[in-house]
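Report on one structure; see the data block that follows.
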């Protein structure tokens, strides 16, 4: 049920994804900084992403969730569940690496 | 909150549909086939366990009994992991190929903290727990 619900929401979001992606890319160019570079490099070391321009936004979202008290393990589960619906699949270890990199780059 | 994350992930990671991922091949060692976990709880309570044969088994261990009410499982790991504590809060769990790497990562996240638990899978460490 949760997965179904998520897929539904993902499908809804997908319609807006192209616009959002364009905005994100533009923003990323404008504000790209050392943290973005460091996170993107670490993420790409953990797994190969076909659209690395979206990674800084993902890293910030991970940091936001950590700040709200979501456990790293729960975020890892979410990342694995999400990517398994998107044509790729992060492992537990890759998710851990992504979260650790986000913490280091974006969480004060 | 989880739903919130997933929704946002769908948009941002998404910047995406980000992710057609290609797994990176890494050398396999015994410790990489074993899984452990760390939980933290109130008042400095923590537990770390090792050597489970899969992620689900590492996550189904009765960690909530070890870390008590309000506890949370903070990481499921291969190889090594460590946790630091400064008397008030825990570090982000450090992980690494070696125990030293894991401890360095934990201490880097919480300067002034001390390592309260640290170890690697494949060493027969079982379950350890403590307080502060």
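Things worth noting here:
- R0 of 25 Å, Cβ-Cβ distance residue A:64-residue B:97: FRET efficiency to nearest 0.05: 0.30
- Residues B:89, B:73 in ascending order of nearby Cβ atoms (within 10 Å, fewest first): B:89, B:73.
- Residues B:78, A:85, B:88 arranged by fewest to most Cβ contacts within 10 Å: B:88, A:85, B:78
- Label-to-label distance, nm, for residues given as residue B:104 and residue B:88 (7 Å Cα→Cβ offset): 2.8 nm
- Label-point separation, residue A:41 to residue B:129 (7 Å along Cα→Cβ), nm: 4.2 nm
- Each residue in A:107, A:63 was given a count of other beta-carbon atoms within 10 angstrom of its own, and listing them fewest first yields A:107, A:63.
Any read-out appearing in this document is the output of simple, stated calculations on the displayed coordinates, not a laboratory observation. Fair warning: this is a prediction, and the values are worked out from it, not measured in the lab. Ideal geometry is used to build each Cβ from the backbone, glycine not excepted, and the neighbour counts take in all protein chains shown.
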